[in-house]
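Colleague: Mind looking over this structure? Questions follow.
The values are calculated or read from the model by the stated rules, or taken from the named source; none is laboratory data. Predicted, not measured: the structure shown is a model, and the values here were computed from it. Ideal geometry is used to build each Cβ from the backbone, glycine not excepted, and the neighbour counts take in all protein chains shown. Accessible surface is based on the protein model in full, side chains and every heavy atom, while ligands, DNA and RNA are left aside. Shrake-Rupley method; radii C 1.70, N 1.55, O 1.52, S 1.80 Å.
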Amino acid sequence: MITPPASGRNDGWDMDQLHRDEITVAMNWVIRTCQQIVRERSHKTFWAPAGTTDSTPTPEQLMQTAREDVLDKLQRIIDGAQCVMKDIEHQRAQPKT
């Protein structure tokens, strides 16, 4: 997380800029993860599960690899971004000093 300037100055604008920066970093993290998944796991318009050599994997195999390759990874990234947002909301709800 980015911290305010050492001077302790908080005229509102500095905190707004800090929060904009934190939100941008968190959202870039989500977008880059999506791009990485597309680069590594897509073939034309189809998702390609990792490590499948069978041309007709079972639905169970597809579900397992979908979770491992995409859903669980994205969920961790989204949870991290949500934590950033909640922290910012908490900070902005504090009385101004």
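Colleague: Taking the stretch 33-89 on its own, how many of its residues are basic (Lys, Arg) and surrounded by 14 or more Cβ atoms within 10 Å (Cβ to Cβ)?
Modeller: Qualifying residue count for the region: 2.
Colleague: Please go through (1) loosely packed, with under 11 Cβ neighbours inside 10 Å; (2) at pLDDT 75 or above; (3) closer than 15 Å to GLN91 by Cβ for TRP13 and return the number of the only condition it doesn't satisfy.
Modeller: So the condition that TRP13 fails would be (2).
Colleague: How do the pairs read when you match residues in the stretch 66-93 that are under 29 Å from PRO49 (Cβ atoms) and free of Cβ contacts under 8 Å to residues at least 40 places away in the same chain with residues anywhere that are open to solvent by 40 Å² or more (accessible area, probe 1.4 Å) and assigned to a helix (DSSP H, G or I), using Cβ under 6 Å and keeping only pairs 6 or more apart or on different chains?
Modeller: Note: pairs meeting the criteria are ASP69/ARG41.
Colleague: Among the residues of the stretch 16-44, write down those that are free of Cβ contacts under 8 Å to residues at least 60 places away in the same chain and of a type in the set (D, E, K, R). Before you say what the answer is, go through the steps one by one.
Modeller: Going through the stretch 16-44, the residues free of Cβ contacts under 8 Å to residues at least 60 places away in the same chain turn out to be 16-18, 20-21, 24-44.
Residues satisfying the conditions are ASP16, ARG20, ASP21, ARG32, ARG39, GLU40, ARG41, LYS44.
Colleague: Cβ-Cβ under 8 Å, sequence separation 6+ or interchain: first residue in the stretch 45-63 and at pLDDT 75 or above, partner open to solvent by 80 Å² or more (accessible area, probe 1.4 Å). Which pairs?
Modeller: These pairs meet every condition: PRO49/GLN61.
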